[in-house]
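Below: the structure, in structure tokens.
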Amino acid sequence: MSHFLLDPRKSTATLRWLVFGLIVAAIAIASLFAAGEFGRSRAIAGTQSRAEDAGTLALAILRGELEKQRALPVILARDPDVRQALTGGSRHGLDLKLEAIAREARTAVIYLLGPDGVAIAASNWNEPTSFVGSDYSFRDYFRGAVATGGAEQFALGTVSQRPGLYITRRIEEAGQSLGVIVVKVEFDRVEADWRALGGQSYVVDQRGVVLLATIEDWRFRVEAPLDQATAAAIRDSLQFGAAPLTLLPLRRQGELVQGASPLTGRYVQMRQPVPTTDWALEVLLPVDAAITEGRSQAQALVALVLMPGTALAAFALRRRQHNLARREADARAKAELEERVAERTAELAGANQRLVAEMAKRTRAQERLSNLREELAKANRLATLGQITAGVAHEVNQPLAALRTYAENARAFLKRSDPTEADAALVRIVSLTDRIGAITEALRGFARRGKGQPMPVPVATVLEGALTLLEGPLRQAGVTPLMTAPPEPVLVTARPIELEQVLVNLLRNAIEALLEGGDGRQPALAITVTPRGDRVEITIADRGPGLSEEALAQLFTPFSTTKPKGLGLGLVISQDMITSFGGTLTATSRPGEGASFVINLERAAA
Ligand code: ADP
């Protein structure tokens, strides 16, 4: 959780979405509002146009009725029956005629007033509310007709209490007024037709008093408050009876009209004058439903456009963020990789350094080892030399002492003039000097060797040389050595002359051992060359009497020999030489089973 909050990348993304949401919300609200306004004004305009149509129709209905009814007084004023009734003819006959015409023309009442304003005939003669006999001289429509020849007045009937338009015409004879014909028109059917148009319609006179209306209750109400004088005059005239002249339940609200109780909702109002009158016709059409519908239609349209737009924008934002995140992840992965590569490189460099150090250490160790070997070889040699020196003293002193004895003997024999004995002593002396010579010769060999570096030497060549040197002794002993060696040339690191000397020495010892007595098994002498990895073993095995354990232990000690004429230096010097090549010389033997000498040398490349 805290990880999410603390991650700057994620919080940036969240912020972006928040901003996006706010922008979308702002755009949506603004667009929906604008669409609402647009829908509203379109709905109002549409309703206004409908109201105009309704007004035209309502006006046509009204005018049709007016024109039809207006024709009646004109015609009746010339009617002979009407004139006769005024000049003493049958009045009841006229009653009947007027009744028929009124029924036919759907006229409320038709009646004839005498010159004094009293009704002398009426279409409603038969009804309880019959006008016949009533005095209408106070009515403006009577006075107007007498004065000007014709008049129209909308008023409430005094007897019937029903409102209507009174249309009058003067009937004259030679410039004399005989009477006035009156047609009362009631507009119930006109109002009913208006209702069918929808909305509300009403007609006001020039003072703003409602004369006709689709709502009965609105009659004789006023559009705007009347001044007191006008109101008083209207009341005094009894034109509208005792009507209180209250305000219409309508309130202007900008371009619309708000209905007050019991009328609800808002309306579009169209006003037009009614020609040939001083009236005006008002038509009200309800507009709320149209506004609601127009608004929601426009808003739905905007939403339809907005939603894919928002989705598209969200998709684009999502893609952008996705790409951004991917790029970041890639960069992170790359950085991580680089870091790891750097780490790995450092590790490798470290390992390399360690390796170099290790190699240096090894080299140093190797150097120390070979130094040590050299030291050891030197020490070995010095020890051998010490042994030899001590041995030489003993070996030489003994013959020297014998020489002295034999020399003195020889002198004594010469003094006694015994030449035979003297000669015998001298022969012994010669033999002793030979022995001493042999010792010194052997030691010279020991001292002389070791000049020059060991080199790759073919084993076969050196063996061949050694066997050639020993051809005579081998023949004498009747021994044919068995050679076993790999077919390919085998090379060892050595000095060839010295290696040959060693081989001669070992082979000579073997021949001597065989002469001493073998076990008879064949081969009596075997020479084997065996490469073992980077070393080579040269084995010389004989089937002679072998060595006792004691002799084996003393084998490489100077001057240890079992032979009467032996010096006991051959193996010592041989081992010294092999050691100086970096090799070893070892012996194994079991008494009665022969001896086996193994030279182990470093194998050399061709
Ligand atoms: P030398 O031959 O002069 O005695 P070496 O050092 O060559 O000196 O030999 C030392 C002794 O080792 C010999 O006297 C002999 O007793 C013993 N010896 C060497 N080679 C053999 C062998 N192949 N079989 C038995 N004894 C051996």
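The values are calculated or read from the model by the stated rules, or taken from the named source; none is laboratory data. Everything numeric in this text was worked out from a predicted model, so none of it was measured. All Cβ positions, glycine included, derive from the backbone under ideal geometry; neighbour counts span all protein chains shown. For accessibility, only protein heavy atoms count, side chains too; no ligands or nucleic acids. Shrake-Rupley method; radii C 1.70, N 1.55, O 1.52, S 1.80 Å.
Assorted remarks:
- Karplus 3J(HN,Hα) series, Hz, for segment 157-168 with 6.51 cos²θ - 1.76 cosθ + 1.60 (x for Gly, Pro): x, 6, 8, 6, 6, 10, x, x, 9, 9, 10, 10
- Only helices enter the 222 nm calculation for the chain: every DSSP H run of n ≥ 4 contributes -39,500 (n - 2.57), and dividing by all residues gives -20000 deg cm²/dmol, rounded to 500.
- Within straight-line cross-link reach of K97, lysines at Cα separation under 25 Å, skipping those fewer than 8 residues along the same chain: K68, K184
- Burial ranking of peptide ranges 203-216, 468-481, 152-165, 549-562 (average Cβ count within 10 Å, highest at the top): 203-216, 152-165, 549-562, 468-481
- Percentage of interatomic Cα-Cα distances in the chain larger than 47 Å: 63
- Geometric extent, Cα atoms of segment 378-527 - Rg, Dmax (angstrom): 21.6, 71
- Alpha-carbon centroids, segment 179-234 and segment 554-606: separation in whole Å: 160
- When the alpha carbon gyration tensor of segment 1-100 is reduced to an equivalent ellipsoid, its three semi-axes come out at 85, 11, 6 angstrom, largest first.
- When the solvent-accessible area of the chain is split by element, carbon and sulfur atoms take up 58 percent of it, the probe being 1.4 Å.
- Counting only Cα atoms, the size of segment 18-170 along its three principal axes is 100, 31, 24 Å, in decreasing order.
- Once C-alpha pairs closer than 8 Å and six or more residues apart are averaged by separation and normalised to the residue number of segment 333-443, the relative contact order reads 19 percent.
- Along segment 120-127 the Karplus relation, 6.51 cos²θ - 1.76 cosθ + 1.60 evaluated at θ = phi - 60°, assigns HN-Hα couplings of 10, 8, 8, 5, 9, 3, 8, 9 Hz to successive residues, with x for each Gly and Pro.
- The chain: relative contact order as a whole-number percent, Cα under 8 Å and 6+ apart: 9
- Take the chain with all the other protein chains still there, run a 1.4 Å probe, and you get 57 Å² of accessible area per residue.
- Euclidean distance of C-alpha centroids, segment 519-541 and segment 454-496, integer Å: 11
- Contact order relative to length of segment 163-308, as percent, for alpha carbon pairs under 8 angstrom and 6 or more apart: 16
- Loop-resident trypsin sites (Lys or Arg not before Pro) (DSSP state other than H, G, I, E or B) in segment 1-98 with no more than 16 further Cβ atoms inside 10 Å of their Cβ: R78.
- Put the Cα centre of segment 336-414 next to the Cα centre of segment 261-317 and the gap is 120 Å.
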